[in-house]
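Read the structure below first, then the notes.
FYI, it's all coordinate maths here, none of it is from the lab. Treat the numbers as computed from the prediction; the structure is a model and nothing was measured. Virtual Cβ from ideal backbone geometry, glycine too; neighbours counted across all protein chains shown.
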Amino acid sequence: MRKKKLLLTPEEAVRQKLICYLINEKNITSGLISIERMIKINNMKKRFDIVIFDTNGKPYIAIECKAPEIKLTQKTMQQLAVYNLYLKAKFMMITNGYEHLISEINFETREIKFLNQFPI
């Protein structure tokens, strides 16, 4: 999708497998998926892993990929939450390829609800 050669690090392998799953199993159009784009948060350059946009072009799901040996913790979820302050996606997901944490955010009440399945 990015039309460039990449070093297949463990994290990149997780990202590539997830992208294939999103396109082939969840039937998400590749045009609605953005990968490793730069955003600016508090004058600091950050790079998100994957964002799935809705058909109106608004961020719908923000996804952070980690290498398989990285445990999914509150710290990894906070990293994505900081990115999502800018993105304002309704859903967030972190994955290491084996474990997945998916949450839905209510921006009005500031409540986060964890989900058992992918929201699409």
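The fewest-to-most ranking of Tyr21, Tyr98, Tyr60 by surrounding Cβ atoms within 10 Å reads Tyr98, Tyr21, Tyr60. Between the exposed loop cleavage positions of the chain, defined as GluC sites (Glu not before Pro) in a non-H, G, I, E, B DSSP state with at most 12 neighbouring beta-carbon atoms within 10 angstrom, the longest gap is 26-68.
Computed from the alpha carbon positions, the gyration tensor of the stretch 9-120 leads to an equivalent ellipsoid with semi-axes of 19, 17, 15 Å, biggest first. A Förster radius of 30 Å combined with the Cβ-Cβ distance from Glu12 to Asn56 puts the calculated FRET efficiency at roughly 0.50. Taking trypsin sites (Lys or Arg not before Pro) across the stretch 60-120, the ones in a DSSP loop with at most 14 further Cβ atoms lying within 10 angstrom of their Cβ are Lys71, Lys88, Arg110.
For Arg37 and Asn116, a Förster radius of 35 Å and the Cβ-Cβ distance give a FRET efficiency of 0.75, rounded to the nearest 0.05. With a simple spin-label model that places each label point 7 Å from the Cα along the Cα-to-Cβ direction, the separation between Asn106 and Arg47 comes to 3.7 nm.
3J(HN,Hα) along the stretch 36-43: 6, 9, 7, 10, 10, 10, 6, 6 Hz, from the Karplus curve 6.51 cos²θ - 1.76 cosθ + 1.60 with θ = phi - 60°, whole Hz, x for Gly and Pro. When the chain is described by a simple charge dipole with +1 on each Lys and Arg Cβ and -1 on each Asp and Glu Cβ, the residue from Ser34, Thr76, Leu101 located farthest towards its positive end is Ser34. What you get for the chain, charging only the Cβ of Lys and Arg (+1) and of Asp and Glu (-1), is a dipole of about 520 debye around the Cα centre.
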